[in-house]
Amino acid sequence: MASAQSSAGVVRFGRRTDPPFATYINSPTLSQQQWMQQHFWRMVAYSPYFDTRTSWYPSGYVYIDSYAIYTNSALVTQHPEWILKDANGNRLYIPWGCSNGTCPQYAADTSNPLYRQWWINQAAAIVPKGYKGIFVDDVNMNFSVSDGYGNLVDPIDPNTRTLMTWDNWRYYMAGFMQQIRAAFPTIEIVHNSVWFAGPDGVRDQDPYIQQQIAAANYQYIEFGVSDRGLTGGTGIWSLNSLLGYIDRLHAVNRAAIISGIPLDTTSREYALANYFAVSAGADGMDDTVTTPDNWWAGFDVNLGSPLSARTTWNGLLRRDFTGGMVLVNPPQSSAITVTLPGTYKRVDGTQVTSVTLQASQGAILLKAASSDTTAPVVSLSLANSAIVSGTVNVTATASDNVAVTAVDFYVDNSLKLTLTAPPYAFSWNTLSYSNGSHTISAVAHDAAGNTGTASASVTISNATSPSLTAQISWPTNGQTFSRGSTVTIYATATNAVAVTFYVDGQQVGNQEVWGGTVAYYSTPWNANRRGYHTLTAVAQGANGATVTSPAVQVQVQ
């Protein structure tokens, strides 16, 4: 699946169908069919109801749950061995819709080869009825099995006859998803799987999570950027962390579908601004509220091709396109007012030269039409092929037939500084970049939205320092400890002056200050909490640089 950057400025909008939406898909007229074909990039639908509608809408995904055995299904009596059970032999459920000791769906054993083959056979009979692919729900890489009251329960592993470990749960689910991918190598597959799955400190870098991601075209972000659990800043539950996850999907040639979009215009614009801020051209967004009767004009926006990656600007997330820009103020932030580098048009047609965004608000800003079509002229003090080191003073000279309103400085397509008045000068610390070729650019703006760009490809040549490394030498991956024991964690670091140890992202012990070409560090850890824990060591060099060791996962019983 190729990521088309040229498509990153347009919206690929989908609809997850539900009973209220049947009003529009039961017996649509030809013009209604054509409208949905043109506006809904994909729809998630249900078989057999939608089987007779794929003739006019062939871009649907058929919904199939990954490990649901419905309590009224004949499978319950035909294959009771496919249902996971607790230590007392009680059947377990998927924790959804539970009340009075029961839930609608039993939890299937995804390691069972006969269950897997039955699932694939069912899908193989449905997909040829005209579906674009499969929407696989509940691809839960975190334990998600409960009793009839919604309380999470560790099931018995039918393969070991002991309580199932989280490692085995992820191993079975990832293996099942890979088997589905192998059975349907050419169709589109979507996984509804939480973006933060995986062990603390590792998450989607976990090998089983990576296998699961590789087995689908899209990861479905069900609660989207409006998830109330998202925070500001750069912590593990931040909006930045979610967008970083989507960036990592793009790095392995996969994409995301961002859902959870409320109906109000402010929330829609916030969701769309985040979509444009992260989109690589193959992503999508959808909801369960948009209909032909409440379609929002923002979903028709075309911002053109991206000019840069997402960056931080005056406390906001920003991304520039040939046809405008998007701004996002993350959750829990203060209100921010910014002066724009020109006149822009909002989705409602209002022309603005500044915007104020509250927390969890975004702005879609289109370049305003103007009779002034003359672009500013800009030049850089750096010459092509220059060799630079240390801190470099980069200056730009800009002029325009009317007036220059702003000059942006970029390094390798990442926005570093915006100046709204001369002198246009940027102090560039090359020590923060690797040696080799880099591109620095200055983009001049005028009030009409015209831009002029000057770029220089330069070579950074700084004196190299000895490589900084860190490695936990004990314990090793997979070791098990008794609850209440004191474990001494040992690490080796090269060219470091200090090492700090972390368990599940939280510092343990004091920072160990030592040093040398090779040095050894240790700290005690009180293993008081049962479960899996992730250990890392962070080494610090004399120049303040840091490096994190590969993670080690241990279990406390």
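Observations on the structure shown:
- Label-zone membership for the range 535-557, site residue 483, 7 angstrom Cα→C-beta point, backbone N under 11 Å: 556-557
- Contour minus Cα-Cα distance for residue 74 and residue 248 (0.36 nm per residue): 58.5 nm
- Within the range 220-314, trypsin sites (Lys or Arg not before Pro) in DSSP loop having at most 15 other beta-carbon neighbours inside 10 Å: 228
- Distance (nanometres) between label positions extended 7 Å along Cα→Cβ at residue 532 and residue 490: 2.6 nm
- Modelled spin labels at residue 237 and residue 100, positioned 7 Å past Cα toward Cβ, are 3.4 nm from each other.
- Among the listed values (1) 19, 38, 22, 13, 5, 2, 1; (2) 18, 45, 32, 6, 0; (3) 20, 54, 23, 3, 1, 0, the one matching P(r) over Cα pairs in 20 Å bins from 0, in percent as calculated from this structure is (2).
- Packing-based ranking, highest mean first, of 19-32, 511-524, 444-457 given that Cβ atoms within 10 Å are counted: 444-457, 511-524, 19-32
- Given R0 = 30 Å, the distance between the Cβ atoms of residue 359 and residue 35 translates into a calculated FRET efficiency of 0.25.
- With the simple model of a label 7 Å out from the Cα in the direction of the Cβ, residue 22 to residue 223 spans 2.9 nm.
- Estimated FRET transfer efficiency when R0 is 45 angstrom, pair residue 297-residue 413 (beta carbons, to 0.05): 0.90
- Taking the average, over residues, of other Cβ atoms within 10 Å as the packing measure, peptides 98-110, 382-394 rank 98-110, 382-394 from highest down.
- Reachable lysines, given that their alpha-carbon falls under 23 Å from the alpha-carbon of residue 416 and they are not under 8 places away in the same chain: 367
Computed from the coordinates by the stated procedures, all read-outs in this text should not be read as laboratory data. The model shown is predicted, which means the values in this text are computed figures rather than measured ones. When we count neighbours, we look across all protein chains shown, and the Cβ atoms used for this are built from the backbone with ideal geometry, even at glycine.
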